[in-house]
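The values are calculated or read from the model by the stated rules, or taken from the named source; none is laboratory data. The model shown is predicted, which means the values in this text are computed figures rather than measured ones. Neighbour counts are summed over all protein chains in view; Cβ atoms, including those assigned to glycine, are modelled from backbone coordinates with ideal geometry. With ligands, DNA and RNA removed, areas are computed over all heavy atoms of the protein, side chains included. Shrake-Rupley method; radii C 1.70, N 1.55, O 1.52, S 1.80 Å.
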Amino acid sequence: MKNRVGATPTGRCEYLDYAKAIAIILMVLLHTTSRYSGLSNIIGSFHMAVFFIIGGVFFNINGRSFVEILKKGIVQLVIPYFVFSIFALTICWISPYLHPELYPGLDSFTKIFKAAVVGIFVGQDYYSGYSFMPLGPLWFLLSLFWCRLLSYFWIKSASYIWIRRVGILVLLVSIYIYHPLILSLDGMAVSFPFFIIGYYAGNFFKKIDVMKLQYKIVLAVICLAVLCIFTDSQLVFGAGRIVGNHFIAYSRGLAGTMALIVICTFIHHIPRVSVWLSLLGASTITVLGLHCHFIFPAKVIYKLTLGDPGSIHIVYALVVSILTVLCLTYVHRFLSAKAPFAVGKGSVKRLKSGK
């Protein structure tokens, strides 16, 4: 039984799972094809902001020390990062083959493999032209980890009359300006505002009830999202930086997220779709970590049969994306049962005890 639209008696907001599910489908679609720059611009304007905002919504430090937050972050984010990075070593060598222009100097399997191993430990999608994370999207896990740690100090600093917060802002701006290509810190610098917005607006996001919203409010949110999304500006998360107007970039991310969540509150009334999206929303970490094992072979097939993988047709990309996320929901269930540590469900108590 549900006590409000999209929310269970336990307090879990199912429509936020739906939003994560749709966002992860859009991410896979974006990684499958780059043929349509307009589509990439629209998706890229908000699809990752969704995850950071929702991450902030569920971030809770009540009664927890920094060490507890750190250990939980290691279990939920850092360990899966390394697990999926190791998985990705089996497929990473295909990327320079598909996109040689992005990886100059990586002209042999040995060089590619060495660069991938280095990329895992420096935690960066592209580093010094010769090292890269074997699976670029994994930058998200490290950036979210840093956002959690930094948010702890941001929240705790409230009683210090902004002195510490000014220091945190200086740190973020410094990271952004100097653009350090290590440990996905650049992604954290760009994403932190979304995370902290999600934290402060958590109660609002958890209590959205479309049946009680006036249609004018819903319409205004969607119109604002359309206005911001279609404004001529480049990707928010391109290389961990914002190109163009920062205010527009963050407005697009926030408005797109708001519109998606409002739309997802309606999905609750479509039983079969809502069940599938709930499963997918709970499986996003596995989709993030393993989707390239599906789309890379699909790109190879496309290149061998139809042409340049950079011009994959949208219909082909959409079919590949849907099949990918569908299969990975079952993979996630398997990993959750057999290897929970791989998907961030390891035991924090075991980590505390050192066992």
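Just a few scattered comments:
- Search result, residues across region 104-118 that are assigned to a helix (DSSP H, G or I) and under 17 Å from G136 (Cβ atoms): I112, F113, A115, A116, V117, V118
- The set of residues in region 102-116 being touching a Gly at 6+ places or on another chain (Cβ under 9 Å) and surrounded by fewer than 19 Cβ atoms within 10 Å (Cβ to Cβ) consists of P104, G105, K111.
- Evaluation of P193 against (1) under 17 Å from the mean Cα position of the chain (by Cα); (2) surrounded by 20 or more Cβ atoms within 10 Å (Cβ to Cβ); (3) at pLDDT 70 or above (one fails), failing number: (2)
- Every residue from region 203-241 that is within 22 Å of the chain's Cα centre (by Cα), at pLDDT 70 or above and buried (at least 18 other Cβ atoms within 10 Å of the Cβ): F205, A225, C228
- Restricting attention to region 272-288 and to residues that are β-branched (V, I, T) and free of Cβ contacts under 8 Å to residues at least 40 places away in the same chain, the residue that is surrounded by the most Cβ atoms within 10 Å (Cβ to Cβ) turns out to be V273.
- Tally of residues being part of a loop (DSSP other than H, G, I, E, B) and either under 21 Å from F58 (Cβ atoms) or open to solvent by less than 30 Å² (accessible area, probe 1.4 Å) (or both) across region 70-95: 2
- Hits in region 46-67 - residues which are in a helix (DSSP H, G or I), more than 30 Å from C228 (Cβ to Cβ) and touching a residue at least 24 places away in the same chain (Cβ under 8 Å): F66
- Filtering region 31-60 to residues that are over 17 Å from the mean Cα position of the chain (by Cα) and open to solvent by 10 Å² or more (accessible area, probe 1.4 Å) leaves S34, R35, Y36, S37, G38, L39, N60.
- Pairs, first at positive phi in region 330-344, second of a type in the set (V, I, T), C-beta under 9 Å, six or more apart: G344/V75; G344/I79; G344/I285
- When W139 is tested against (1) within 22 Å of G44 (Cα to Cα); (2) open to solvent by 10 Å² or more (accessible area, probe 1.4 Å); (3) at pLDDT 90 or above, just one condition goes unmet, and that condition is (3).
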